1. About the Cα centre, and with charges only on the beta carbon of Lys, Arg (+1) and Asp, Glu (-1), how big is the dipole of region 256-376? Nearest 20 debye, please.
2. Just need log10 I(q)/I(0) for the chain at q = 0.06, 0.08, 0.09 Å⁻¹, Debye formula, equal scatterers on the alpha-carbon atoms, no solvent, rounded to two decimals.
3. Counting only the backbone N, which residues of region 332-373 are under 19 Å from the spot 7 Å out from the Cα of residue 268 toward its beta-carbon?
4. Can you put 271, 92 in order, fewest other beta carbons within 10 Å first?
5. Would you mind calculating the gained length between residue 156 and residue 135 on full extension (0.36 nm times residue separation, minus the Cα-Cα distance), in nm to one decimal?
6. Sequence neighbours fewer than 8 away in the same chain don't count; with that in mind, list the aspartates and glutamates whose C-alpha is under 19 Å from residue 197.
7. May I ask you to compute the full-extension gain from residue 28 to residue 322, defined as 0.36 nm times their residue separation minus their alpha-carbon distance, rounded to one decimal in nm?
8. Hey, got a sec? Which GluC sites (Glu not before Pro) in region 280-376 land in a DSSP loop and have at most 12 other Cβ atoms within 10 Å?
Amino acid sequence: MTVLFGGSFDPPHIAHTEMAEAVANLNETEKLVIIPAFSAPLKNGAKESYKHRFNMCELAFGFIKKAEISNIEEIINLKNKTEKSYTVDTIKTYIAQNNLKEKPYFLIGADSAEHLNEWKNAKELCLICNFLVFKRNGKINTSVLDKLNANYKILDFLPKNYSSTKIRENIAFNDVSEKVKQYIMANSLYNIDEKYKEILQKNMGKRRYNHSLNVAEEAVRLAKKYNADENLAYTAGLLHDITKEIPQKTQLKFCSEFGILMNDIEKNSFKLWHAITGAYYVKYILAIENEDIFDAIRYHTTAKPNMPLLSKIIYLADYTSKERDYDGVEDMRKYVDISLEKAMLEALKFTVEDVSAKGLPVHPDTLNALKEAESK
């Protein structure tokens, strides 16, 4: 049998994947077609674009052998110039396009089954397809299906109870797959940057918050200039000082919880702590498991040899953000527009001279980074 699984998938979460896997594992299932809705009529519109939801579906369901992701609703929209997607029209179009001889099954949950009479042309819908119905919390009311004379099968598989709305409100996005979560982070979906800003405002004063915004802005500018990922640059720039004004005791607690080991120079220099604890905070508390972002935040204070492109951008954006007014900042701004390598060399020289002038030990990562820069 051919099974159609439609939904807004905004975003596709683990329960969606579990349902799809359960259906694909049925012996009688020949094909499982995932159909992201172009626009769901019974909802107040998807929060993210069709393109992003389609891409997330490919990430969420692409590993299931019998599954394929269909853009049929986009095709219908382009042909009919309509914003709303109705299931009855989608299924009729799919049947015609694929010359199906047998009725397809349409996969729904118990809550949808109880409101099927509210769908457009519900009686016609029941004539052109059968239904596979998942129970909700182990229960199902089939009275509406029976009144519509629908042909249906009840699936005993019990998926976990997730809500896309609640997932969108959860900044960590722990109830979606890792690939989907990374896609959300990389594309700054669901106003996630605004959620980050709320956290920053709670953790720091106005001056530091303004600096964070400026670094993010400069990071994006440099990312455009040097062909780096602008979204990652913005996120790393925004969050680079996230633990800067968190109390010393709290940062020590982070070190204990995350298994952070600091060397002697780091232990004796509180100014270096925030780069270390901030990177782990972003990874484990905000659940941004992107190594480029982790590295950029971790080394935005000391630098290190062999820095990736994003790390260099954040290091220099922090040096040259528009509120900076130290002696030599205008020259540094000129350097970043000439060459990242030239700017890194000058910034590292400045750091070593400044730290040494204060009678403080220079971090070995900084010294090694400078040696590397001088050798180029």
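Bear in mind that the values in this text are calculations on the coordinates, not laboratory data. Everything quoted here is computed from the prediction, not taken from an experiment. All Cβ positions, even for glycine, are placed from backbone atoms using ideal geometry, and neighbour counts span all protein chains on display.
1. Approximately 60 debye in magnitude.
2. Log-scaled intensity ratios, in q order: -0.34, -0.55, -0.65.
3. What the label zone holds, given the 19 Å backbone N cut-off, is 352-368.
4. Least to most surrounded, the residues fall as 271, 92.
5. 6.9 nm
6. The reachable aspartates and glutamates, counting only those whose Cα sits under 19 Å from residue 197, are 169, 217, 218, 230, 241, 245, 289, 318, 323.
7. Separation in residues times 0.36 nm, less the Cα-Cα distance, equals 99.5 nm.
8. 323
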